[in-house]
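Engineer: First the structure, which I've put down as structure tokens, then a few questions once you've had a look.
The values are calculated or read from the model by the stated rules, or taken from the named source; none is laboratory data. Values in this document were obtained by computation on a predicted structure and should not be read as measured data. Ideal geometry is used to build each Cβ from the backbone, glycine not excepted, and the neighbour counts take in all protein chains shown. The protein model used for the area step is the full one, side chains on, heavy atoms only, and it has no ligands, DNA or RNA in it. Shrake-Rupley method; radii C 1.70, N 1.55, O 1.52, S 1.80 Å.
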Amino acid sequence: MNPGAPGPADLILWGVLPYVVLVLVVGGLVWRYRYDRFGWTTRSSELYESRLLRIGSPLFHFGLLVVIVGHVVGLLVPDTWTRALGVSDTAYHVVALSMGIVAGVCTLAGITLLVWRRRTTGPVFSATTRNDKLMYAVLVLAIVTGLGMTVYFAGVALAGGHSGDYRETVSPWFRSIWFLRPDIAAMTAAEAPYKLHALMGLALFALLPFTRLVHAFSAPVGYLFRPYVVYRTRDPHSPASGQAVRTARRGW
């Protein structure tokens with residue numbers, strides 16, 4: 001067997017596991033929607049503590065949004081397309097690494113605050129389940145491996161070294177999954193940090209339908225079309241009270 005040839009472990013990890021995760025995601029979402037619709041929520045704990053939440057949650061979600069956009073571009077857009085648009089490989093990697101580091105730091109700082117808040121605030125910690133703890137552990141590992149990988153390869157590039165381009169290994173493998181012809185050899189040739197981060201990503205997706213992260217699949221589209229919420233007041237002179245409005249006397 002050639003040193004770079006895929007082995008049985010590669011076949012399982014990069015040829016079978018992605019489809020197992022895909023079945024878990026689709027099946028888990030269908031099951032959750034049918035049998036646990038009222039549990040399809042973040043189980044907000046803002047009532048117990050809001051100071052750290054107001055800082056950590058926007059920081060985490062902002063960083064995560066940029067991370068998701070970066071992954072979509074990096075995994076789904078072939079390098080030939082960016083070159084055709086006049087974007088050189090050097091410019092692409094400079095932008096990707098700089099934005100990746102900023103977004104990764106924001107995401108890690110946000111999740112650190114949220115985990116600290118959950119651990120140090122009594123009522124919030126009491127409402128934390130084992131499911132939440134497992135989810136947070138995998139989520140933190142996915143963020144740390146992604147940020148660590150980005151910082152490592154940025155350092156290699158600054159030092160004048162050469163590192164493997166994920167657009168030649170991970171990206172072709174990811175796109176090939178959707179065509180039901182997984183390019184196992186491409187992922188086998190990827191460097192170890194890429195493989196570790198990909199495994200953490202698969203684990204996170206496998207857990208996603210069964211944790212509070214399921215709210216990521218909910219879009220508040222209904223808020224654009226729902227009627228206004230009508231509140232009634234105890235003031236008998238207010239139109240919202242449903243009683244006749246009495247003309248107020250003129251004041252000074």
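Engineer: Could you tell me whether segment 83-99 includes any residue that is more than 25 Å from Thr188 (Cα to Cα), part of a helix (DSSP H, G or I), in contact (Cβ under 8 Å) with a residue 60 or more places away in the chain and open to solvent by 70 Å² or more (accessible area, probe 1.4 Å)?
Structural biologist: Looking for residues that are more than 25 Å from Thr188 (Cα to Cα), part of a helix (DSSP H, G or I), in contact (Cβ under 8 Å) with a residue 60 or more places away in the chain and open to solvent by 70 Å² or more (accessible area, probe 1.4 Å), one finds none in segment 83-99, hence no.
Engineer: Cβ contacts < 7 Å: first residue under 20 Å from Ala198 (Cβ atoms) and modelled with pLDDT under 95, restricted to segment 54-77; second residue part of a helix (DSSP H, G or I) and aromatic (Phe, Trp, Tyr), any location; separation 6+ or different chain. Result?
Structural biologist: These pairs meet every condition: Gly74/Tyr166; Leu75/Phe174.
To keep it simple, each residue is scored yes or no on (1) in a helix (DSSP H, G or I); (2) open to solvent by 100 Å² or more (accessible area, probe 1.4 Å).
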| residue | (1), (2) |
| --- | --- |
| Leu22 | yes, no |
| Val26 | yes, no |
| Ser44 | no, no |
| Leu53 | yes, no |
| Ser57 | yes, no |
| Phe62 | yes, yes |
| Val66 | yes, no |
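Engineer: Just give me the residues in segment 103-137 being among the polar types (S, T, N, Q) and either open to solvent by 50 Å² or more (accessible area, probe 1.4 Å) or not in a helix (DSSP H, G or I) (or both), in sequence order.
Structural biologist: From segment 103-137, those among the polar types (S, T, N, Q) are 107, 112, 120-121, 126, 128-129, 131; that's our starting set.
If the condition is that a residue be among the polar types (S, T, N, Q) and either open to solvent by 50 Å² or more (accessible area, probe 1.4 Å) or not in a helix (DSSP H, G or I) (or both), then Thr112, Thr120, Thr121, Ser126, Thr128, Thr129, Asn131 are the ones that fit.
Engineer: Give all pairs with beta carbons closer than 6 Å in which a residue from segment 17-38 that is in contact (Cβ under 8 Å) with a residue 12 or more places away in the chain meets a residue that is assigned to a helix (DSSP H, G or I) and open to solvent by 70 Å² or more (accessible area, probe 1.4 Å); count only pairs at least 6 apart in sequence or on separate chains.
Structural biologist: Val21/Phe205; Val25/Phe205; Gly28/Phe210
Engineer: Tally up the residues in segment 170-193 that are within 22 Å of the chain's Cα centre (by Cα) and either assigned to a loop (DSSP other than H, G, I, E, B) or basic (Lys, Arg) (or both), please.
Structural biologist: Of the residues in segment 170-193, 2 are within 22 Å of the chain's Cα centre (by Cα) and either assigned to a loop (DSSP other than H, G, I, E, B) or basic (Lys, Arg) (or both).
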